[in-house]
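Values in this text are rule-based calculations from the coordinates and carry no lab data. The structure presented is a predicted model; accordingly, all values stated were derived computationally and were not measured. All Cβ positions, even for glycine, are placed from backbone atoms using ideal geometry, and neighbour counts span all protein chains on display.
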Amino acid sequence: MRRLIFHIAAVCCLGLLPSLAHAASLQLTPSTRAPDPGKNVTVTISVTSTDRPVNAVSGVVVFPTDRLEVVSVSTAGSVLGLWVQEPVFSNTQGRITFEGVVLNPGFLGSGGKVMTVTLKAKATGDARVS
């Protein structure tokens with residue numbers, strides 16, 4: 001069965017002061033997809049914080065280079081208003097890094113779009129993205 005598993009670890013989102021730092025979670029949607037080799041799948045990375053507003057998001061997404069490659073990354077429609085580090089990817093290292101700030105009053109809620117990533121399946125089998 002051809003299956004790619006997309007999973008992202010929770011990332012700590014920082015407030016204005018270290019003593020006020022709170023955790024939020026990042027999600028990949030869709031969480032599971034099974035494209036054929038050579039086909040693209042688009043996933044959205046979003047942030048959820050329901051107890052305190054998120055002021056900053058930083059992360060590293062890791063993917064297996066033998067199964068996937070990044071075709072493009074888009075920040076259109078992102079809740080992040082200022083990018084400290086625009087998303088950068090390396091298909092050689094299997095990494096996407098990003099860091100951004102949500103302008104005042106921050107983001108409070110679920111499903112706040114951070115960015116969209118288009119991945120191309122290179123081979124069949126499980127591919128864990130974290």
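Where a Cα-Cα gap under 17 Å defines reach, which lysines qualify for K39, not counting those fewer than 8 residues away within the same chain?
Result set, ordered by chain and number: K120, K122.
Testing the spin-label approximation: label points 7 Å from Cα along Cα→Cβ at V62 and S130. State their distance in nm.
Between V62 and S130, the label points sit 0.7 nm apart.
Return, for the Cα atoms of region 24-130, the radius of gyration and Dmax in Å, separated by a comma.
Gyration radius and largest Cα-Cα distance of region 24-130: 14.1, 44 Å.
Using the basic label-point model (7 angstrom from Cα toward the beta carbon), what is the R95 to A76 distance in nanometres?
About 2.9 nm, to one decimal.
Taking 0.36 nm per intervening residue step and subtracting the Cα-Cα distance, what contour gain separates K39 from E86 on full extension?
Once the chain is fully extended between K39 and E86, it gains 14.3 nm.
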